[in-house]
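In what follows, a structure is listed as structure tokens, so that the remarks can point back to it.
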Amino acid sequence: MLSEVVKHLAVKPGGIYIDCTLGGAGYTLELAKRVGPKGRVLALDMDIAAISNAKEKIAKQAIENVILVQENFKNIAPVFHEYFKKEELVDGIVFDLGLSSFQLSDKKRSFSFQNDVPLDMAFGKKAEKQTVEIINNYKLLDLTEIFREYGEEKNAYKIAKAIVLERKKRKIETTQDLVDIIVKQYPKRAYYKIHPATKVFQALRIETNQEFNNLKTALADISKILKFKGRIVVVSFHSGEDRIVKQFFKNNEEIMPIVKKPVVASENEVASNPRARSAKLRSGIKVV
Ligand SMILES: C[S@@+](CC[C@H](N)C(=O)[O-])C[C@H]1O[C@@H](n2cnc3c(N)ncnc32)[C@H](O)[C@@H]1O
């Protein structure tokens, strides 16, 4: 969605932009080029791996207008004030939510059920919850609710019940422990459209990092740091997140949506990056 993001942000040379989700630094580097030497880009990520990777890229390309900060974007306003002068405001803010392909493909981390490693879906050290605690201590109905709400998992109750029974016998510690329990709750079939553990893993990641709450907190603070006619762009991958963004534009009197319906990825983009299939972009402009 890079070209759409740049278009909706209407990036200005010399402007100040915030990339709230640095990830592989694709958006940050593009913004840095477009704002030029007089502009600045503040890029946040909770994940130290994203920060280190971006540091290398920035050094190689001799880019000097990017400030990298390992922080949760829920603290967007205080972090901005820490690095910018009191009288400065932001021209544009972008969120590209969720997990990066970099994190998903890291074999030492437990975002993918294909790696047999200890369960820890935190984006960074300061994550709000611990995945192992959630799995081993949450009540049956709380587990059911997160699997249903964050995973849109049809077998939420059945899987949660199996987890509760299993953890009476032993602590559930690794991705494989969890995958084994989930797979048993599905009828034996040679082929599934997606792996049976996909949705539960997504739900646990969202709960571990409190992703929906972070987004709500950040959006509530945006107006304080955005310039008049400044823009905000949010790319989401989950219907729950998109709902939060839609509600935000509906209820906020200072920021108006730029387009009524969310923008989706082109067929070409989906062909080269299947994850883009569920991407929805919403954007807004500050009108007061
Ligand atoms: C989809 S990736 C971003 C990809 C990026 N646009 C690029 O060009 O590569 C999302 C990133 O946001 C980070 N992230 C998620 N929630 C966050 C939060 N609350 N605060 C800071 N970073 C967060 C994740 O660690 C991940 O690296």
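Run down K85, K107, K129, K161 and say which single residue is of a type in the set (K, R), in contact (Cβ under 8 Å) with a residue 40 or more places away in the chain and either more than 16 Å from the ligand (Cβ to nearest atom) or surrounded by 14 or more Cβ atoms within 10 Å (Cβ to Cβ) (or both). So that I can check it myself, show each step before the final result.
Details: K85 fails: in contact (Cβ under 8 Å) with a residue 40 or more places away in the chain; K107 fails: in contact (Cβ under 8 Å) with a residue 40 or more places away in the chain; K161 fails: in contact (Cβ under 8 Å) with a residue 40 or more places away in the chain.
Just a single option satisfies the conditions, and that option is K129.
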- Message: Contact list please: Cβ distance under 7 Å, first residue in the range 257-268 and in a strand (DSSP E or B), second residue aliphatic (A, V, I, L, M) and surrounded by 18 or more Cβ atoms within 10 Å (Cβ to Cβ), pairs at least six apart or on different chains.
- Response: V263/L281; V264/A279
- Query: If you go through the range 91-99 one residue at a time, do you hit one that is at pLDDT 95 or above, more than 16 Å from the ligand (Cβ to nearest atom) and surrounded by fewer than 18 Cβ atoms within 10 Å (Cβ to Cβ)?
  - Reply: no
- Taking the options A162, A220, name whichever one is among the aliphatic types (A, V, I, L, M) and outside the structural domain of E71 (by TED's automatic domain parsing). A162
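Among the residues of the range 66-79, is any in a loop (DSSP other than H, G, I, E, B), out of contact with any Pro (no Cβ under 7 Å at 6 or more places or on another chain) and among the basic types (K, R)? Break it down into steps so the answer makes sense when it comes.
Taking the range 66-79 and keeping what is in a loop (DSSP other than H, G, I, E, B), we get 71-72.
Okay, now just the ones that are also out of contact with any Pro (no Cβ under 7 Å at 6 or more places or on another chain), so 71-72.
If we keep only those that are among the basic types (K, R) as well, we get none.
Scanning the range 66-79 turns up no residue that is in a loop (DSSP other than H, G, I, E, B), out of contact with any Pro (no Cβ under 7 Å at 6 or more places or on another chain) and among the basic types (K, R).
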- Item | Condition check for G23: surrounded by 15 or more Cβ atoms within 10 Å (Cβ to Cβ), in contact with a strand residue (DSSP E or B) (Cβ under 8 Å, 6 or more places away or on another chain), in a strand (DSSP E or B) and in contact (Cβ under 8 Å) with a residue 12 or more places away in the chain | no
- Name the single residue, out of those in the range 1-17 being touching a residue at least 40 places away in the same chain (Cβ under 8 Å) and within 13 Å of the ligand (Cβ to nearest atom), that is farthest from R282 (Cα to Cα). Y17
- Hey, among V200, V132, which residue is touching a strand residue (DSSP E or B) at 6+ places or on another chain (Cβ under 9 Å) and part of a helix (DSSP H, G or I)? V132
- Query: Looking only at residues in the range 18-47 that are touching a helix residue (DSSP H, G or I) at 6+ places or on another chain (Cβ under 8 Å) and among the charged types (D, E, K, R), which one is farthest from the ligand (Cβ to nearest atom)?
  - Reply: R34
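The values are calculated or read from the model by the stated rules, or taken from the named source; none is laboratory data. Since we're looking at a predicted model, the values are computed, not measured. Methodologically, a virtual Cβ is constructed for each residue, glycine included, from the backbone with ideal geometry; neighbour enumeration extends over all protein chains shown.
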